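Working notes for the structure below.
The values are calculated or read from the model by the stated rules, or taken from the named source; none is laboratory data. Note that the structure is predicted; figures quoted are calculated from it, not measured. Counting neighbours? That spans all protein chains shown, and the Cβs are built from the backbone with ideal geometry, glycine included.
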Amino acid sequence: MAGRSVVVGVGHYLPERVVPNSEFEQTLDTTDEWIRTRSGIERRHFAAEGETTSDLATNAAKAALADAGLEADDIDAIVLATSTADLTFPSAATMVQARLGMTRGFAFDVQAVCAGFVFALSNANALILSGQAKRVLVIGAETFSRIMDWTDRSTCVLFGDGAGALILEEQDSAGTSNDRGILATDLNSDGRYQELLYVDGGVSTQSTGHLRMQGNQVFRHAVEKLAKTANTALDRAGLAASDVDWIVPHQANIRIIQGTAKKMGLPMENVVVTVQDHGNTSAASIPLALSVGKQRGQIKQGDLIVTEAIGGGLAWGAVVLRW
Ligand code: UT7
């Protein structure tokens, strides 16, 4: 018998305001056609004035708790992936903890930018496998609209706001690759690539800053690294790409998503795609896609899923789990 971290609930929340590509045509030298063909994005949601990352995260967490049929005090820990927390401190996770009325356990943020949810899942799994928590609420939540340079057409058309959450629960299992739950993870980073994707401000430099990206360079690393990390995680689980029911990728660019699926030898029928509706929501994109994928009837219990993501750091990784 072995313990596994099994998904028992999932949910998401998107801010009300939907912004179509055409809105950017009014202020920037860009077109709906360029944004669609280069990125696959058609629209994105932006948080309302005063609506913060912890607001989005709390709503997603409530949806996941409802899906699992659990109360806040059934949760031992909250791990929240974000690069856009409400305040410098405390963590957005502890704000969510209070908002949920959870008076026990512990909560903290994980910061690995667009790879944040993969890092959070892997850490939540480690908390469960090391006996520090039996149920962990794992959230990805972002308000990237707050760090956009609205005069930079090469970045501001790509990102959106949102949140997704899932609940992992320790369950006994046979210890084989047929088990439900997280089967393997693979995490990587290489800080030498900082200049490819970063925010040019922060607490220690006394400003908020804006996102800066050399998009085509990040694209090159993404295509090279994502299939590799996914295959590494599958190897560790004793599985192959041909066993995968769903790739649930970080939703940054449809061409990266297609390139990764192709490298893994899987058709697009096996990929959950939400980039057209959400844009790049950084750490929120994978849990959003998991929740939407379940709602659409794509993801079902027993399905083998591989999630993969890359972003600022560079940081990248993959998680293999059976739903
Ligand atoms: O989630 C974190 C990870 N981030 C990513 O994965 C993003 C990865 N990168 C990308 O998705 C793509 O590189 C972009 C969508 C950002 C850009 O696509 P690209 O095919 O790599 O285009 P490019 O950066 O090489 O730019 C091509 C042209 C340039 O014009 P010139 O220099 O060829 O004259 C840009 O100035 O497209 C121009 N351009 C635009 N044109 C119209 C850049 N942004 C726009 C725009 N509208 N919004």
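Give the residue that is farthest from residue 251 (Cα to Cα), with candidates limited to residues of the stretch 48-60 that are touching a residue at least 60 places away in the same chain (Cβ under 8 Å) and touching a helix residue (DSSP H, G or I) at 6+ places or on another chain (Cβ under 6 Å).
54
Of all residues in the stretch 180-210 being free of Cβ contacts under 8 Å to residues at least 12 places away in the same chain and surrounded by fewer than 12 Cβ atoms within 10 Å (Cβ to Cβ), which is nearest to residue 123 (Cα to Cα)? Don't jump to the end; show me each part of the working.
Quick first cut of the stretch 180-210, residues free of Cβ contacts under 8 Å to residues at least 12 places away in the same chain only: 192, 201-202, 204-207.
Filter once more, so that each one left must be surrounded by fewer than 12 Cβ atoms within 10 Å (Cβ to Cβ): 192, 204-207.
Working: 192: 23, 204: 26, 205: 29, 206: 30, 207: 30 Å.
Selected residue: 192.
Whether any residue in the stretch 278-288 is more than 30 Å from residue 151 (Cα to Cα) and modelled with pLDDT of 95 or more is what I want to check.
Checked the stretch 278-288: no residue is more than 30 Å from residue 151 (Cα to Cα) and modelled with pLDDT of 95 or more.
Residues to consider are 66, 2; find the one that is in contact (Cβ under 8 Å) with a residue 24 or more places away in the chain and under 21 Å from the mean Cα position of the chain (by Cα).
So the residue among 66, 2 that is in contact (Cβ under 8 Å) with a residue 24 or more places away in the chain and under 21 Å from the mean Cα position of the chain (by Cα) is 66.
If a residue must be part of a loop (DSSP other than H, G, I, E, B) and touching a residue at least 24 places away in the same chain (Cβ under 8 Å), how many such residues does the stretch 254-272 contain?
Going through the stretch 254-272 one residue at a time, the tally reaches 3.
Tell me which residues, restricted to the stretch 258-288, are surrounded by fewer than 24 Cβ atoms within 10 Å (Cβ to Cβ), within 12 Å of the ligand (Cβ to nearest atom) and within 19 Å of residue 117 (Cβ to Cβ).
280
Across the stretch 295-310, which residue is nearest to the ligand (Cβ to nearest atom) among those that are closer than 21 Å to residue 161 by Cβ and buried (at least 22 other Cβ atoms within 10 Å of the Cβ)?
Selected residue: 310.
If you scan the stretch 126-163, which residues turn out to be of a type in the set (Gly, Ala, Ser), under 16 Å from the mean Cα position of the chain (by Cα) and more than 30 Å from residue 26 (Cβ to Cβ)?
Matches in the stretch 126-163: 140 only.
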